[in-house]
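Read the structure below first, then the notes.
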Amino acid sequence: MDAALPPLSASTLYLVATPIGNLEDITLRALRVLRECDVVAAEDTRHSGQLLKHFGISKPLLSYFQFNEARRSEEIIERLRRGEKVALVTDAGSPGISDPGERVVKAAIVAGFRVEAVAGPCALVAGLTASGLATDEFYFAGFLPHKSGQRRNKLASLKTIEATLVFYESPYRIEKLLGELNEVYPDREVVLARELTKKFEEFLRGTPAALLEIAAKRTLKGEFVVMVGAAEPKRKKADMESGCGGGL
Ligand code: SAM
């Protein structure tokens, strides 16, 4: 552990993880970087402005999402060139995971600048670690494509992976996804991690068919991490190694 507090470095892009729901989930380092940086580059300046206000931080905000693809990172790179310390935040969680942060990071590295992760909340990690599914090997597939054919192909292509599969999904497509999982992975254990770190957080576990029954009885609202347990041999191996000897 290193409790020393070195000053922020010039010409560095800091990827600052922010809460995924619970405002207590922000690190001391994240707050310091947000306080000491020259500018906060945000996916949505209004959203991030409210977050900064909550923590009593007043800082110039710049949007990196309002321009077209080519211009998005330009201003950030220009500021790094001038020696500025830039904190990058997205709407929630760790910048770069299934959000526009990834492009900015690539652009900064290509331009030769230092990039540092200020680690913190991430929906994928929060959902997976509390799911009860194997965590020794997992495959993060992010968001599936929108088109039905492409979704099925993608799901089918993941069948050979001997690891827990992790997806992000919007509430508008969660039932659709359960239907697709019922076709492609009818016998697998599925865990829906809903509204992580928020007041109505819950974990729904079962086969796709069992979860579809729940969805038929009540509307599934909110944000979701969807996880699919590995096929049988992998599950047995993980149980034996951990000494559990049984299912979940
Ligand atoms: N960068 C973020 C992270 O570190 O998790 C993810 C950004 S991605 C645009 C947003 C997706 O993450 C949501 O659609 C949902 O699938 C998942 N997500 C974010 N917050 C969540 C929460 N509180 N509970 C469950 N899933 C969440």
Quiz item: For region 33-117, which trypsin sites (Lys or Arg not before Pro) are in a loop by DSSP, counting at most 16 other Cβ atoms within 10 Å?
Solution: ARG71, ARG82
Practice problem: Out of all DSSP beta bridges with both ends in the chain, state the antiparallel percent to the nearest 5. | Solution: 45
Quiz item: Over region 124-234, what is the mean sequence separation of C-alpha contacts under 8 Å (at least six apart), divided by residue count, expressed as relative contact order in percent?
Solution: 33
Exercise. Determine the dipole magnitude for region 124-234: charges of +1 sit on the beta-carbon of Lys and Arg, -1 on that of Asp and Glu, nothing else is charged, the reference point is the Cα centre, and the result goes in debye to the nearest 20.
Key: 460
Exercise. Could you run the Karplus curve 6.51 cos²θ - 1.76 cosθ + 1.60 with θ = phi - 60° over region 219-232 and give me ³J(HN,Hα) per residue in whole Hz, x for Gly and Pro?
Key: 6, 8, 10, x, 9, 9, 10, 10, 10, 10, x, 5, 5, 2
Quiz prompt | Sites matching chymotrypsin sites (Phe, Trp or Tyr not before Pro) across region 138-213 that sit in DSSP coil, with at most 16 neighbouring C-beta atoms within 10 Å | solution = PHE200
Self-check item: For ALA117, distant residues with modelled amide H under 5 Å away
Solution: LEU15
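Using the Kirkwood radius over C-alpha pairs as Rh, can you work out the diffusion coefficient of the chain via Stokes-Einstein at 10 °C, viscosity 1.306 mPa s, in µm² per second?
My calculation gives 80 µm²/s for D.
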Quiz item: About the Cα centre of region 2-121, what is the dipole size in debye to 20, counting +1 per Lys and Arg Cβ and -1 per Asp and Glu Cβ, all else neutral?
Solution: 320
Exercise. For every other residue with a beta carbon closer than 11 angstrom to the beta carbon of VAL184, add +1 if it is Lys or Arg and -1 if Asp or Glu, then tell me the sum.
Key: +2
Quiz item: Sequence-distant or interchain residues sharing an amide H contact under 5 Å with PHE65, placed H: which?
Solution: none
Exercise. In a Gaussian network model over the chain where Cα atoms closer than 10 Å are linked, find which of GLY56, GLY21, GLY93 has the largest mean-square fluctuation.
Key: GLY56
Quiz item: Dividing the alpha-carbon Rg of region 2-121 by 2.2 N^0.38 Å yields what?
Solution: 0.96
Quiz item: Between GLU189 and residues 5 or more places away or on another chain, which pairs have amide H atoms under 5 Å apart, with H built 1.01 Å from N, and which residues are they?
Solution: GLY229
Quiz item: Of LYS53/LYS106; LYS106/LYS147; LYS176/LYS217, which ones are farther than 19 Å apart at the Cα?
Solution: LYS53/LYS106; LYS106/LYS147
Quiz prompt | Farthest toward positive dipole pole in region 84-191 [+1 Lys/Arg, -1 Asp/Glu at C-beta], among GLY96, PRO121, ALA134 | solution = GLY96
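Values quoted throughout were computed directly from the atomic coordinates according to the rules given, and no laboratory measurement underlies them. In this text, all values refer to a predicted model and were calculated from it rather than measured experimentally. All Cβ positions, even for glycine, are placed from backbone atoms using ideal geometry, and neighbour counts span all protein chains on display.
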